[in-house]
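Participant: First the structure, which I've put down as structure tokens, then a few questions once you've had a look.
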Amino acid sequence: MIRHIVLLTFKPETSESQVAALFAELEDIKSALPGMTAISSGRSESPEKMERGFMHGFVADFTDWDALQAYQDHPDHQALGAKLVAASVGGKDGILCFDYEVTE
């Protein structure tokens, strides 16, 4: 399984309702991609307060690297990605992606 972690620093003018709408689009993409097995999203509530500005994020699980690539190539993901870049501080600089293989 591949775990895809995305952390975001949204612009101050991006409201929580706008963030919720963006994250809802992720759910729609999941239904179109059988290789995406799970997705969750939210705002950090960490008691450690070490977010360094990355206050929102999501985690998606994929069956394998090919399924992650299918997600990245999907036109709905590309459209959502453009919206996330536009809503983030510094564009792509406000987004951190981290992918790794989960071995259990």
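Participant: Taking Cα atoms, how many degrees apart are the long axis of helix 16-32 and the longest axis of the chain, rounded to 10 and kept between 0 and 90?
Facilitator: In the chain, helix 16-32 runs at an angle near 0 degrees to the longest axis.
Participant: Ok, one more. Check cross-link reach from K49 to the lysines: straight Cα distance under 29 Å, and skip same-chain residues fewer than eight apart.
Facilitator: K11, K83, K92
Participant: In addition: Which whole-number value in Å³ per residue fits the convex hull of the alpha carbons of the chain?
Facilitator: Values: hull volume 10.6 nm³, N = 104.
So the per-residue Cα hull volume is 102 Å³.
Participant: Applying the Karplus parametrisation 6.51 cos²θ - 1.76 cosθ + 1.60 with θ = phi - 60° to the phi angles of the range 95-103, what ³J(HN,Hα) value in whole Hz is obtained for each residue in order, glycine and proline being reported as x?
Facilitator: These are the phi-based 3J(HN,Hα) values: 10, 10, 10, 9, 10, 8, 8, 8, 10 Hz.
Participant: Summing +1 for each Lys or Arg and -1 for each Asp or Glu, what net charge is found among the other residues whose Cβ lies under 9 Å from the Cβ of I39? Working shown, then result.
Facilitator: On the way: positive: K30; negative: E27, D61.
Residues close to I39 contribute a combined charge of -1.
Participant: Simple spin-label model, 7 Å along Cα-to-Cβ: D93 to I5 in nm?
Facilitator: With each label placed 7 Å out from Cα toward Cβ, I get 2.3 nm.
Participant: Only counting other Cβ atoms within 10 Å, I'd like Y100, Y71 sorted with the fewest neighbours first.
Facilitator: So the ranking, lowest neighbour count to highest, is Y100, Y71.
Participant: When the dipole is taken about the Cα centre of the range 1-82, and only Lys, Arg (+1) and Asp, Glu (-1) are charged at their Cβ, what size is it in debye, to the nearest 20?
Facilitator: I would put it at about 260 debye.
Participant: A further question on this structure: Name the long-range amide H neighbours of F10: under 5 Å, sequence gap of 5 or more, or other chain; modelled H, no Pro or chain starts.
Facilitator: Placed amide hydrogens put M55, H56, V89 under 5 Å from F10.
Participant: Moving on to the next point. Applying the Karplus parametrisation 6.51 cos²θ - 1.76 cosθ + 1.60 with θ = phi - 60° to the phi angles of the range 44-61, what ³J(HN,Hα) value in whole Hz is obtained for each residue in order, glycine and proline being reported as x?
Facilitator: 5, 10, 4, x, 6, 6, 10, 5, 6, x, 7, 8, 10, x, 8, 10, 10, 10
Where a number appears in this text, it was derived from the coordinates with a stated rule and is not lab data. From a predicted model like this one, the values you see are computed outputs, not experimental measurements. Cβ coordinates were reconstructed from backbone atoms using ideal geometry, including for glycine residues, and neighbour counts include every protein chain displayed.
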